[in-house]
1. Answer yes or no as to whether residue 6 is surrounded by 21 or more Cβ atoms within 10 Å (Cβ to Cβ), within 13 Å of the chain's Cα centre (by Cα), within 15 Å of residue 131 (Cα to Cα) and in contact (Cβ under 8 Å) with a residue 24 or more places away in the chain.
2. So if I check each of 50, 24, which one is at pLDDT 95 or above, touching a helix residue (DSSP H, G or I) at 6+ places or on another chain (Cβ under 6 Å), assigned to a helix (DSSP H, G or I) and under 18 Å from residue 117 (Cβ atoms)?
3. Between 95, 121, which is at pLDDT below 95 and outside any helix (DSSP H, G or I)?
4. Does residue 56 satisfy the condition of being within 19 Å of residue 134 (Cβ to Cβ), over 14 Å from the mean Cα position of the chain (by Cα) and without any contact (Cβ under 8 Å) to a residue 24 or more places away in the chain?
5. Would you mind stating whether residue 45 is in contact (Cβ under 8 Å) with a residue 24 or more places away in the chain, within 19 Å of residue 3 (Cβ to Cβ) and part of a helix (DSSP H, G or I)?
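The values are calculated or read from the model by the stated rules, or taken from the named source; none is laboratory data. What you see is a predicted model, and the numbers here were worked out from it, not measured in a lab. Positions of Cβ are generated from backbone atoms using ideal geometry, with glycine treated the same way; all protein chains shown enter the neighbour counts.
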């Protein structure tokens, strides 16, 4: 099981991203394997907005539709209880300035016992999760 963060979606499609090469390798490995993939609706919306600024919003909307209809990707949807729990994560890591999108991800990762994140920012490591891919 692996949680897919915004950075993994964005780096895959933005050639100028510092993590473009490891993102391509990571996605290729996930497509070949049978690893169960998870994310949140918030991550997908954030990724679509960021990619819209790079590749155009029509293109980003098409990617968003693909992700939302994917049978390989389980999407967790935020609710009030998850958002309250995310606020608690934010307070816990206030000194690290970890934002709400990552904190809601932590909530679902903890709830579903997902230990690895396909991510390129330190926030997941700070919160006690394993980053993947490990190469930088």
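1. Judged against the criteria, residue 6 is a match.
2. So the residue among 50, 24 that is at pLDDT 95 or above, touching a helix residue (DSSP H, G or I) at 6+ places or on another chain (Cβ under 6 Å), assigned to a helix (DSSP H, G or I) and under 18 Å from residue 117 (Cβ atoms) is 50.
3. 121 is the lone residue from the list that is at pLDDT below 95 and outside any helix (DSSP H, G or I).
4. no
5. no
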